[in-house]
1. From the list Met97, Met73, Met68, exactly one residue is over 19 Å from Asp17 (Cβ atoms), without any contact (Cβ under 8 Å) to a residue 60 or more places away in the chain and either touching a Gly at 6+ places or on another chain (Cβ under 9 Å) or within 10 Å of the ligand (Cβ to nearest atom) (or both). Which is it?
2. Filter segment 79-94 down to the residues that are under 14 Å from Leu41 (Cβ atoms) and touching a residue at least 24 places away in the same chain (Cβ under 8 Å), then identify the one that is farthest from the ligand (Cβ to nearest atom).
3. Anything in segment 51-97 that is modelled with pLDDT of 95 or more and aromatic (Phe, Trp, Tyr)? List them, or say none.
Amino acid sequence: MMNNKEPIDIIGEYPSDIKIWHFEARTYIPYDKANKWLVVLGVGEEHLDGYTFTQCAHCGAITEVGSMYTSRMIHTNVGFGYSVCEECYNKERKLEMDSLHDVQQ
Ligand SMILES: [Zn+2]
């Protein structure tokens, strides 16, 4: 977790093409509140050192890059997923599962 005693290295970019998938409506909607966060695309192994931080593209929390997941909902215009914290990823998975159950009924 974050250690406030040490300066932390926050990587990422301010996204210009970020949007969020709405599982129920099955469409993307703008996600403007993320425009001022430093975010990265889905985590690659080069970032798994545990000392590099970025912001969760879903909630903005400063998070160790090595503990993040590729979002099911927060995507670029061409569909690449941004990195999100574990808590948001679990929420996204639940929303996705709930929407699938709705379809099957
Ligand atoms: Zn989050």
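The values are calculated or read from the model by the stated rules, or taken from the named source; none is laboratory data. Because the structure is a prediction, the values reported are computed rather than measured. Note: ideal-geometry Cβ built from the backbone for every residue, glycine included; neighbour counts use all protein chains shown.
1. Working: Met97 fails: either touching a Gly at 6+ places or on another chain (Cβ under 9 Å) or within 10 Å of the ligand (Cβ to nearest atom) (or both); Met73 fails: over 19 Å from Asp17 (Cβ atoms).
Just a single option satisfies the conditions, and that option is Met68.
2. Just the residues of segment 79-94 that are under 14 Å from Leu41 (Cβ atoms), to begin with: 79-84.
Still in the list and also touching a residue at least 24 places away in the same chain (Cβ under 8 Å): 80-84.
Working: Phe80: 18, Gly81: 13, Tyr82: 10, Ser83: 9, Val84: 5 Å.
So, considering only residues that are under 14 Å from Leu41 (Cβ atoms) and touching a residue at least 24 places away in the same chain (Cβ under 8 Å), the one farthest from the ligand (Cβ to nearest atom) is Phe80.
3. Hits for segment 51-97 are Tyr82, Tyr89.
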